[in-house]
Amino acid sequence: MKTLGNYFIFLGSLLSNREKFRVYVKLVFDECVEIGTNSVFIVSIVATFLGAVTCVQTADNLVSPFVPNYIISLIVRDSSILEFAPTITCVVLSGKVGSHIAGGLGTMRITEQIDALEVMGINSISYLVLPKIIASVITFPMLVILSGFLSILGGYLAGIATNVISPEDYIIGLRSDFRPFNIPFAIIKSVVFAFLITSISSFKGYFTRGGALEVGQASTAAVTNSCIAVLIADYLLAQLLLLD
């Protein structure tokens, strides 16, 4: 409870004694490049092969002659949009982005760079953490959209390459029984996950004490706690937004 209370106090400090708006503009753009652009490659690889594996394994399990082939692409589509794109992508990003944020802030703490900002009268939490959260909330939905597209594309390419489904059946499955709300649902999840991953990782890194060993421990704790928070939020959002 003490840690949870400190976390909420930490979040409250983000909006107090802020710098001028123009100060944050460049910081946010720099963080967008660091968090978003530099994560495109790993997200693309993971998403493409997740879609491909889902297509092949689904086809292998559909042994009944009464099940039409287009069900394969329907399952790939819904799995990609509802779960693979937002959740698995954000779990991967919690490892890459979360450890980077915690390690960076932890290093700044033990080298007394954060203390120097405080001495100059700057709210170090707002100056260092708020741009990271804003950049994550902007770039994570973009990465999730890219992940969903590549996952479906990966399923298409794998299905055609292995001859388990024809291109026509795959397109029919993509269009069959589509729920438009699935897209906003995935975007909402990505925004929530972005906030959780960035804020938890920043919290762990900001309050690092000790030396290089403690920075590594903070990075590990940031990734672990971020993954747990993402999975819990995934369940809560699904029950809140999908179930009538």
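Some points to look at:
- Among (1) 72, 37, 36; (2) 46, 42, 31; (3) 53, 39, 37, the entry derived from the coordinates for Cα extents along the principal axes in Å: (1)
- Qualifying GluC sites (Glu not before Pro) for segment 19-61 [loop in DSSP, other Cβ within 10 Å: at most 15]: Glu19
- Our helix-only sum for the chain, with -39,500 (n - 2.57) per DSSP H run of n ≥ 4 divided by its residues, gives a mean residue ellipticity at 222 nm of -25500 deg cm²/dmol.
- Per-residue ³J(HN,Hα) for segment 146-156, Karplus 6.51 cos²θ - 1.76 cosθ + 1.60, θ = phi - 60°, Hz, x for Gly and Pro: 4, 4, x, 4, 5, 5, 5, 5, x, x, 4
- In sequence order, calculated HN-Hα J values of segment 114-124 (Karplus, 6.51, -1.76, 1.60; Hz; x Gly/Pro): 5, 4, 5, 5, 5, 4, 7, x, 9, 6, 5
- Cα principal axis extents for segment 53-126, largest first, Å: 72, 18, 9
- Model label zone, Asn163; criterion: amide N under 15 Å from point 7 Å along Cα-to-beta-carbon; scope segment 44-64: none
- Residue-span extension gain [Val119 to Ile228] - 0.36 nm each, minus C-alpha spacing: 35.7 nm
- Size estimate for segment 146-187 follows the Kirkwood approach: the inverse of mean 1/r over distinct Cα pairs works out to 11.3 Å.
- For segment 157-163, putting each phi into the Karplus relation 6.51 cos²θ - 1.76 cosθ + 1.60 with θ = phi - 60° gives couplings of 5, 5, x, 6, 5, 8, 6 Hz, in residue order, rounded to whole numbers and with x for Gly and Pro.
- Normalised contact order of segment 109-244, rounded percent, pairs of Cα under 8 Å and 6 or more residues apart: 30
- Each of Leu150, Gly216, Ser226 was scored by the projection of its Cα onto the charge dipole of segment 144-244, and the greatest displacement toward the positive side belongs to Gly216; charges sit on the C-beta of Lys, Arg, Asp and Glu.
- Solvent exposure of the chain, expressed per residue, is 51 Å² of accessible area, with all protein chains present and a 1.4 angstrom probe.
- R0 of 22 Å, Cβ-Cβ distance Val25-Val137: FRET efficiency to nearest 0.05: 0.90
The values are calculated or read from the model by the stated rules, or taken from the named source; none is laboratory data. If you're wondering where the values come from, they're calculated on a predicted model, not measured in any experiment. A quick note on method: Cβ atoms are made from the backbone with ideal geometry, for glycine too, and the neighbour counts reach across all protein chains shown. Heavy atoms of the whole protein, side chains included, go into the accessibility calculation; ligands, DNA and RNA do not. Shrake-Rupley method; radii C 1.70, N 1.55, O 1.52, S 1.80 Å.
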